[in-house]
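Have a look at the structure below, then the notes.
The values are calculated or read from the model by the stated rules, or taken from the named source; none is laboratory data. These numbers come from a predicted model, not from an experiment. Cβ coordinates were reconstructed from backbone atoms using ideal geometry, including for glycine residues, and neighbour counts include every protein chain displayed.
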Amino acid sequence: MELKKSEEVLAEVHRNCLLALQSISDILPETEDAELKEELLRQHEDYEKIGGRAAILAKDKGVELKNPGPIKKAMMWSSIKMSTLADDSRAHIAEMMVRGTVMGITALKSTLGEVCASCADDDILALAKELLAAEERFERRWKALIA
């Protein structure tokens with residue numbers, strides 16, 4: 001049971017990071033505001049680091065991680081492009097990032113809530129909690145940029 005729960009948590013960390021990286025990559029070309037670009041790049045780097053650590057943990061523990069499919073990526077890309085076409089203001093882009101970050105936080109909390117602390121690998125739980133803390137920090141930064 002422990003391995004299955006650990007795999008679920010690690011898969012959620014991996015998925016969360018990949019979707020965030022994809023979203024940031026889709027939003028960056030639509031962003032002209034220097035402060036927003038800087039924040040996007042900073043967060044992209046943080047997601048890359050955590051995602052890389054998730055991949056290393058998966059390899060070490062013999063867990064196969066799956067990437068989001070092309071349809072999911074295309075849907076995200078088109079949604080971002082349509083939304084920024086209508087409004088590419090600082091506040092709107094920050095609101096988009098808040099929505100994405102909240103979805104990531106919710107998915108992580110849901111996955112962690114289904115796993116008792118003694119049922120999953122300590123390294124994997126620590127990484128998931130690190131990602132959750134980072135996303136909560138990102139949410140606060142984006143909310144501050146909306147005003």
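Some observations on this one:
- Among the candidates Ala107, Ala34, Ala54, the residue that is small (Gly, Ala, Ser) and in contact with a His (Cβ under 9 Å, 6 or more places away or on another chain) is uniquely Ala54.
- Filtered residues of the range 38-67 (kept if farther than 17 Å from Glu135 by Cβ and surrounded by 14 or more Cβ atoms within 10 Å (Cβ to Cβ)): Ala55, Leu57, Ala58, Lys61, Val63, Leu65
One line per residue, one yes/no per condition, for (1) crowded, with 19+ Cβ neighbours inside 10 Å; (2) of a type in the set (A, V, I, L, M, F, W, C); (3) at pLDDT 95 or above:
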| residue | (1), (2), (3) |
| --- | --- |
| Glu2 | no, no, no |
| Cys17 | yes, yes, yes |
| Ser23 | yes, no, no |
| Pro29 | no, no, no |
| Asp33 | no, no, no |
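- Hey, Leu65 at pLDDT 85 or above and either touching a strand residue (DSSP E or B) at 6+ places or on another chain (Cβ under 6 Å) or more than 21 Å from Glu7 (Cβ to Cβ) (or both) or not: no
- The sole residue among Val98, Val9, Val102 that is surrounded by 12 or more Cβ atoms within 10 Å (Cβ to Cβ), touching an Asp or Glu at 6+ places or on another chain (Cβ under 9 Å), over 27 Å from Ile146 (Cβ atoms) and not basic (Lys, Arg) is Val9.
- Qualifying positions in the range 89-115 - touching a helix residue (DSSP H, G or I) at 6+ places or on another chain (Cβ under 8 Å) and under 24 Å from Ile56 (Cα atoms): Thr101, Gly104, Ile105, Ala107, Leu108, Lys109, Thr111, Leu112, Glu114, Val115
- Scope the range 27-66; condition under 18 Å from Gly104 (Cα atoms), in contact (Cβ under 8 Å) with a residue 12 or more places away in the chain and not hydrophobic (A, V, I, L, M, F, W, C); matching residues: Glu39, Gln43, His44, Asp46, Tyr47, Glu48, Gly51, Arg53, Lys66
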